[in-house]
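Below is one structure, written out as structure tokens, with a few remarks after it.
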Amino acid sequence: MSKPVLSIVINQCTTYLFGFDPEEFVGKVLRLLLISHGSFEFSFVTNETILEINRTYLQHDYETDIITFNLGSETDIIGDAYISVDHASENAASFGNSLDDELKLLIVHGILHLLGYNDELDEDRLEMEAEQNRILSEL
């Protein structure tokens, strides 16, 4: 019997220099959530790139901070997450966070989306935010 495979890929498509290791951080979040298999790919992109992804795949004509796609299932994740470093920087300034902390929050947010969490309805958003806060406080 083969062991489940866990794959974490980080694509750095901007010039931002992280103050933390994003691959290591993703691994810590997954371990905390007891996730031992699946594929998780995070691409850190510009506003221009995230706008193009949003237009092409979701038919939304605006920039956003994160877009996730799960090509597998909630139990067998094949996940792609695109995080706009530009948008994260704007969020960090608005909320008084460091950019690294904002990127960590978006990584957790993306993982939760890949696990099936949703934030469109107020009740779902509150549940997702509570789980984000729990994870971030434990790391």
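The values are calculated or read from the model by the stated rules, or taken from the named source; none is laboratory data. In this text the structure is predicted, and so the values were computed from the model without any measurement. In this analysis, Cβ positions are derived from the backbone assuming ideal geometry, glycine residues included, and neighbour counts consider all displayed protein chains.
List of remarks:
- In segment 45-69, the residues that are under 19 Å from residue 16 (Cα atoms) form Cβ pairs under 6 Å with partners that are among the charged types (D, E, K, R), at six or more places apart or across chains, as follows: 46/86; 47/63; 47/86; 50/63; 51/63.
- Extreme residue, surrounded by the most Cβ atoms within 10 Å (Cβ to Cβ), among residues of segment 68-97 that are within 8 Å of the chain's Cα centre (by Cα) and of a type outside the set (Phe, Trp, Tyr): 83
- When residues of segment 98-116 are limited to those that are of a type outside the set (A, V, I, L, M, F, W, C) and modelled with pLDDT of 95 or more, the one surrounded by the fewest Cβ atoms within 10 Å (Cβ to Cβ): 98
- Whichever residue in segment 117-131 is outside any helix (DSSP H, G or I) and surrounded by 12 or more Cβ atoms within 10 Å (Cβ to Cβ) and, among such residues, is modelled with the highest pLDDT: 117
- Matching residues, segment 65-92, being assigned to a loop (DSSP other than H, G, I, E, B) and touching a strand residue (DSSP E or B) at 6+ places or on another chain (Cβ under 7 Å): 65, 71, 72, 76, 77
- One residue stands out among those in segment 109-129 that are closer than 16 Å to residue 77 by Cα and of a type in the set (A, V, I, L, M): the one that is nearest to the chain's Cα centre (by Cα), which is 111.
- Of the residues in segment 40-47, at least one is in contact with a Leu (Cβ under 8 Å, 6 or more places away or on another chain) and surrounded by 15 or more Cβ atoms within 10 Å (Cβ to Cβ).
- Cβ-Cβ contacts under 9 Å between residues 6 or more apart (or on different chains), taken from a first residue in segment 93-115 that is outside any helix (DSSP H, G or I) to a second residue that is hydrophobic (A, V, I, L, M, F, W, C), are listed as 97/105; 98/92; 115/33; 115/35; 115/77.
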